[in-house]
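Enquirer: Mind looking over this structure? Questions follow.
The values are calculated or read from the model by the stated rules, or taken from the named source; none is laboratory data. Quantities reported herein were computed from a predicted structural model and do not represent experimental measurements. When we count neighbours, we look across all protein chains shown, and the Cβ atoms used for this are built from the backbone with ideal geometry, even at glycine.
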């Protein structure tokens, strides 16, 4: 099942872990129930409601994200969790 495409987290931005329950009527991205609202036009994601081009829950942070940042947020599943040479601590 596809996951929500919203980027969440202020200090450590990452993709939402919730399953996508539908798509945004404006941008067509998949979003969970937490990151959409019902409108007359259909289910609209929080990013579209805030007038953002990128699927980011925090508009103040979205202004600084580049396309490369967005690709990085989506690639977190490629990180090896069993790697013993950690540069960063696991904050989860």
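Enquirer: Does residue 76 satisfy the criteria of being surrounded by fewer than 18 Cβ atoms within 10 Å (Cβ to Cβ), under 13 Å from the mean Cα position of the chain (by Cα) and modelled with pLDDT under 75?
Expert: Against the criterion (surrounded by fewer than 18 Cβ atoms within 10 Å (Cβ to Cβ), under 13 Å from the mean Cα position of the chain (by Cα) and modelled with pLDDT under 75), residue 76 qualifies.
Enquirer: Just the residues that are over 11 Å from residue 55 (Cα atoms), surrounded by 15 or more Cβ atoms within 10 Å (Cβ to Cβ) and within 13 Å of the chain's Cα centre (by Cα), please, taken from segment 10-22.
Expert: Answer for segment 10-22, where residues must be over 11 Å from residue 55 (Cα atoms), surrounded by 15 or more Cβ atoms within 10 Å (Cβ to Cβ) and within 13 Å of the chain's Cα centre (by Cα): 13, 18, 20.
Enquirer: So, in segment 11-35, how many residues would count as being assigned to a strand (DSSP E or B) and modelled with pLDDT of 90 or more?
Expert: Filtering segment 11-35 for residues assigned to a strand (DSSP E or B) gives 14-15, 19, 22-23, 30-31.
Imposing the further condition that a residue be modelled with pLDDT of 90 or more reduces the set to 19, 22-23, 30-31.
Total meeting the criteria: 5.
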